[in-house]
1. Applying 1/(1 + (r/R0)^6) with R0 = 51 Å to the Cβ-Cβ distance of Asn303 and Lys272, what FRET efficiency is obtained, to the nearest 0.05?
2. Ranked by Cβ crowding within 10 angstrom, fewest neighbours first, how are Asp4, Asp28, Asp65, Asp59 ordered?
3. Which percent of Cα-Cα pairs in the stretch 216-337 sits in each 10 Å bin, short to long?
4. For labels at Asp164 and Met246 in the simple 7 Å Cα→Cβ model, what's the distance in nm?
5. Given a cut-off of 29 Å, name the pairs among Lys138/Lys283; Lys163/Lys282; Lys9/Lys283; Lys131/Lys238 whose C-alpha atoms lie farther apart than that in the structure shown.
6. Along the charge dipole of the stretch 123-269, which of Pro133, Asn178, Ile244 sits closest to the positive end, that is, farthest toward it, with unit charges on the beta carbon of Lys, Arg, Asp and Glu (+1, +1, -1, -1)?
7. Can you check what the Kirkwood hydrodynamic radius comes to for the stretch 136-279, Cα pairs only, in Å to one decimal?
8. For the modelled label position 7 Å from the Cα of Thr58 along Cα-to-Cβ, which residues of the stretch 146-166 have backbone nitrogen atoms closer than 18 Å?
Amino acid sequence: MGIDSKKLKKTLEKNHIMILEYFCIDGDCAMLKCFLAKTCEYILIYIPSALRFELKTTDVKNAYDLQDLDETTDNDDYSKSGKMPDMDTIDEEKSVNSYKDMISKYQKSITLDGNDEPVPRKLKRQIDRLKQPFKRLKYELSIQTDKYLSVAFDDDITMFKIKDYPHENIRYIMYLVNINDFIEKIEDIDYQIDIIKKQFYDIIKKVSLSNLESISDQISDYKNVIQKIKSKKEEYEKSIADYIDMYKGCISKEKEVINLFKEKLEKEIGTKKSTIEMEYNKKINEIYKTKVEVIRKGVLLSNKYHLTILILEETSFDNSVMIERVSNNFNLLKQII
């Protein structure tokens with residue numbers, strides 16, 4: 001029996017989790033893309049087939065059908081790279097807050113086809129690199145690039161095409177969680193994701209900046225680029241922190257208004273009570289509109305941050321690998337001169 005979608009939505013909103021999009025397979029909702037308003041992050045809730053509910057994409061404007069892509073990168077026609085950036089593992093066993101000393105390596109080859117290379121292939125390579133730190137977590141990783149969605153299930157990566165998707169030039173990092181695990185930990189989800197995201201973004205920035213710095217001596221303008229990237233990162237992080245403070249302020253104001261009117265209603269009866277209720281509803285509606293506007297700004301801000309950090313990771317890795325290959329090729333030429 002499928003889950004009750006209305007009850008689920010109500011439960012999510014009660015916990016400050018907003019459904020942005022529904023992803024469907026064979027007419028049933030299989031995944032929910034959600035925004036965590038308290039942490040300015042995204043989660044992708046996976047719904048097993050036994051719990052899925054029917055959803056017609058024609059009836060809901062933010063619902064889309066998924067097409068499974070049988071796309072592989074293992075046999076791509078280009079040579080392996082010797083470059084192996086370190087990727088720390090995010091560890092949940094000691095605490096969600098700590099790293100283990102264990103180092104995971106990621107190694108993938110890069111084509112010289114540039115922008116002509118199929119997006120799904122590039123996306124699959126990127127998620128294969130970035131999923132490494134999640135090996136000991138109950139959370140998995142998902143990345144969306146425009147109309148393509150990559151989902152890491154344990155050691156497998158599944159690629160989807162989102163049919164009739166209207167948005168372009170977007171990239172999302174989403175923390176994937178099974179709906180059963182999600183319901184079990186719903187009260188802790190914000191706390192856990194907040195801890196995980198700090199570690200994960202630090203890992204991406206550490207590896208990406210290391211890749212850029214490794215070639216900065218060979219391309220003079222790279223040093224300026226690196227400095228600008230560091231400044232931009234700090235700017236985004238400050239803006240996100242400001243958003244979180246604003247949203248917490250809305251929640252605090254909402255609680256304050258509710259408590260105030262509860263006290264007033266307990267003391268009044270008759271027509272005056274009705275007046276107080278009308279005043280209360282007006283105040284709550286004003287706060288709700290403010291919350292919606294704050295969340296809208298938070299979504300836009302998070303979109304820009306994710307787009308930036310994913311492009312940074314992809315280009316820094318690709319450029320570093322290609323520069324290394326060029327250097328190795330010149331060294332090979334020197335040997336035969």
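None of the figures in this text is laboratory data; all of them are computed from the coordinates on show. Predicted model only: the values in this text are computed from it and were never measured. When we count neighbours, we look across all protein chains shown, and the Cβ atoms used for this are built from the backbone with ideal geometry, even at glycine.
1. Numbers: r = 47 Å, r/R0 = 0.92.
My answer for the efficiency is 0.60.
2. Details: Asp4 11, Asp28 14, Asp65 20, Asp59 8.
Listing Asp4, Asp28, Asp65, Asp59 from fewest to most nearby Cβ atoms yields Asp59, Asp4, Asp28, Asp65.
3. Values per bin, smallest distances first: 10, 23, 18, 15, 12, 9, 6, 4, 2, 1, 0.
4. 3.3 nm
5. Numbers: Lys138/Lys283 40 Å; Lys163/Lys282 41 Å; Lys9/Lys283 24 Å; Lys131/Lys238 26 Å.
Over 29 Å apart, Cα to Cα: Lys138/Lys283; Lys163/Lys282.
6. Result: Pro133, furthest along the dipole toward the positive end.
7. Details: mean 1/r = 0.0495 Å⁻¹.
By the Kirkwood definition, the hydrodynamic radius is 20.2 Å.
8. 163-165, by backbone N distance to the label point.
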